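> Below is a structure I'd like to ask you about.
The values are calculated or read from the model by the stated rules, or taken from the named source; none is laboratory data. Quick caveat, the model's predicted, so the values are computed rather than measured. Reconstructed Cβ throughout: ideal geometry from the backbone, glycine too, with neighbour counts over all protein chains shown.
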Amino acid sequence: MNKVDLVIPPREKDLGELVVRRILPYATHRMVGPFIFFDHMGPADFPEHQGVNVRPHPHIGLATVTYLFEGKIRHRDSLGSDQLIEPGAINWMVAGKGIVHSERAPEEVKQGPSRLNGIQCWLALPEELEDIESSFEHYPASVIPELNIDGVKLRLLLGKAFGRISPVKIHSDLFYVEVDMPKGSSLRFEAAGRELAAYIVEGVVTANDTEISHCRMAVLNAGEDLIMQALEKSKVMLLGGQSVGPRHIFWNFVSSSKEKLEAAKQAWRQGPRAGSRFLPIPGDDQEFIPLPQEPGNPKGTIM
């Protein structure tokens, strides 16, 4: 059995109301299959009247999914979507040629102390689909396939794995699986030629005989199968798929083309506007996150 290729440690990023643990992109390993961004939010405890508060901001060339273990987030976007994100559900936002969204703690949650714990991922769209129309679809927790393999509980959030198919309408060959492992249990996952990684949300496991502690990601060589054993009660996220090719990233924009990134920057310099590429969010149009300043660009605005 081959050892894991890389273990990625967490890097803390302060987003103001919330400190996240960023895993992808990593300096020496930017993507796993189409997964190009992976942030673990929390666990974070908020006092009364506080909570996550991400102002309207744009995306292109990707799809996003925020998966919660605890807490609630209100998602609103320029399509008019207004959806409560709750534990176990999948909210699949396809940015395509351009979308604006916000993520805020619901007012009812801020009436008392609250807790948030979850993961946000970005998935690069295939090059031929980067400029498709934006969309948003909500899948309640009740429609997500669940299975049990020798005491290990799995939820198939996206794609194909373990002989099952998630109902989420994805755009490339990928998988995203939540795995709950009792202490002493084991699980084998066949990569079937796809790229594969395992992120340890909590607990400690061995991945192909390499011990991996919580908040770290084990990345395997492309096509290598995974054998995990839980050294204690653990929660793991399995992710990966076929590569969609390299991507450029600037801020919230992902593209196979630097020219498309530049066009998106120019479109956002004045924020969301009627008749522009990036439209205002109905009911959340009084503020936005400005384009970050770039070296040598004095016209840019610091976030």
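> Are there any pairs, at least 6 apart or on different chains, whose C-beta atoms fall under 8 Å, with the first in region 145-160 and over 28 Å from HIS171 (Cβ atoms) and the second surrounded by fewer than 19 Cβ atoms within 10 Å (Cβ to Cβ), and if so, which?
From residues that are over 28 Å from HIS171 (Cβ atoms), the pairs are ASP150/SER186; GLY151/PRO182; VAL152/PRO182; VAL152/SER186.
> Considering only region 215-273, how many residues are under 21 Å from ALA198 (Cα atoms), acidic (Asp, Glu) and without any contact (Cβ under 8 Å) to a residue 60 or more places away in the chain?
Qualifying residue count for the region: 2.
> Shifting gears a bit: If a residue has to be at negative phi and touching a Phe, Trp or Tyr at 6+ places or on another chain (Cβ under 7 Å) to count, how many in region 237-262 make the cut?
Quick first cut of region 237-262, residues at negative phi only: 237-239, 242-244, 246-250, 252-262.
Now narrow it down to the ones that are touching a Phe, Trp or Tyr at 6+ places or on another chain (Cβ under 7 Å): 237-239, 254, 261.
Total satisfying the criteria: 5.
> Another question, then. Inspect all residues belonging to region 92-111 and state whether any of them is in contact with a helix residue (DSSP H, G or I) (Cβ under 6 Å, 6 or more places away or on another chain) and either touching a residue at least 60 places away in the same chain (Cβ under 8 Å) or at positive phi (or both).
no
> Still on this structure, please answer the following. Checking the condition touching a strand residue (DSSP E or B) at 6+ places or on another chain (Cβ under 9 Å), modelled with pLDDT of 95 or more and over 19 Å from VAL32 (Cα atoms), which residue from VAL236, VAL244, VAL204, VAL177 passes? Give the derivation first.
On the way: VAL236 fails: over 19 Å from VAL32 (Cα atoms); VAL244 fails: over 19 Å from VAL32 (Cα atoms); VAL177 fails: over 19 Å from VAL32 (Cα atoms).
Every option except VAL204 fails the conditions.
> Would you pick out the residues in region 106-134 that are under 20 Å from the mean Cα position of the chain (by Cα), surrounded by 17 or more Cβ atoms within 10 Å (Cβ to Cβ) and in a strand (DSSP E or B)?
Listed by number, the residues that qualify are LEU116, ASN117, GLY118, ILE119, GLN120, CYS121, TRP122, LEU123, ALA124.
> Please give the strands (runs of 3 or more DSSP E) falling wholly within region 162-270 in which 3 or more residues are aliphatic (A, V, I, L, M).
Values: elements: 174-181, 186-189, 195-202, 204-207, 210-213, 217-219, 226-230, 234-241, 248-250, 253-255.
Those strands (runs of 3 or more DSSP E) span 174-181, 195-202, 204-207, 217-219, 226-230, 234-241.
> Against the definition (of a type in the set (Asp, Glu) and free of Cβ contacts under 8 Å to residues at least 12 places away in the same chain), how does GLU70 come out, yes or no? I'd like the intermediate steps shown before the answer.
Values: of a type in the set (Asp, Glu): yes; free of Cβ contacts under 8 Å to residues at least 12 places away in the same chain: no.
So GLU70 does not fit the description; no.
> Do any strands (runs of 3 or more DSSP E) entirely within region 1-81 hold 2 or more residues that are farther than 26 Å from ASP173 by Cα and charged (D, E, K, R), and if so, which?
On the way: elements: 6-8, 11-14, 19-24, 35-46, 53-59, 62-70, 73-77.
By residue number, 11-14, 73-77.
> Moving on to the next point. Do any residues in region 1-27 that are farther than 17 Å from TRP122 by Cβ have Cβ atoms under 9 Å from those of residues that are at pLDDT below 90 and not in a strand (DSSP E or B), where the two are at least six apart or on different chains, and which pairs are they?
Here the result reads ASP5/ALA222, each pair linking region 1-27 to a residue that is at pLDDT below 90 and not in a strand (DSSP E or B).
> Here's another thing I want to ask about it. Step by step: first the residues of region 68-90, then only those that are of a type outside the set (Val, Ile, Thr) and crowded, with 22+ Cβ neighbours inside 10 Å, then the one that is nearest to LEU123 (Cα to Cα). Which residue is that?
If we filter region 68-90 for residues that are of a type outside the set (Val, Ile, Thr), which is where we start, we get 68-72, 74-84, 86-89.
Narrowing further to those that are crowded, with 22+ Cβ neighbours inside 10 Å: 71, 77-78.
Working: GLY71: 23, ASP77: 18, SER78: 20 Å.
That would be ASP77.
> Against the definition (touching a helix residue (DSSP H, G or I) at 6+ places or on another chain (Cβ under 9 Å) and surrounded by 13 or more Cβ atoms within 10 Å (Cβ to Cβ)), how does ILE281 come out, yes or no? So that I can check it myself, show each step before the final result.
Values: touching a helix residue (DSSP H, G or I) at 6+ places or on another chain (Cβ under 9 Å): no; surrounded by 13 or more Cβ atoms within 10 Å (Cβ to Cβ): yes.
When the stated conditions are applied, ILE281 does not pass them.
> May I ask you to list the residues in region 29-87 that are over 14 Å from the mean Cα position of the chain (by Cα), modelled with pLDDT under 95 and among the small types (Gly, Ala, Ser)?
Passing the criteria: ALA44, GLY51.
Yes/no matrix, rows are residues, columns are (1) under 29 Å from ALA264 (Cβ atoms); (2) β-branched (Val, Ile, Thr):
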site: GLN50; (1), (2): no, no
site: PRO56; (1), (2): yes, no
site: ALA63; (1), (2): yes, no
site: TYR67; (1), (2): yes, no
site: ILE73; (1), (2): yes, yes
site: SER78; (1), (2): yes, no
site: GLN83; (1), (2): yes, no
site: GLU86; (1), (2): no, no
site: GLY96; (1), (2): yes, no
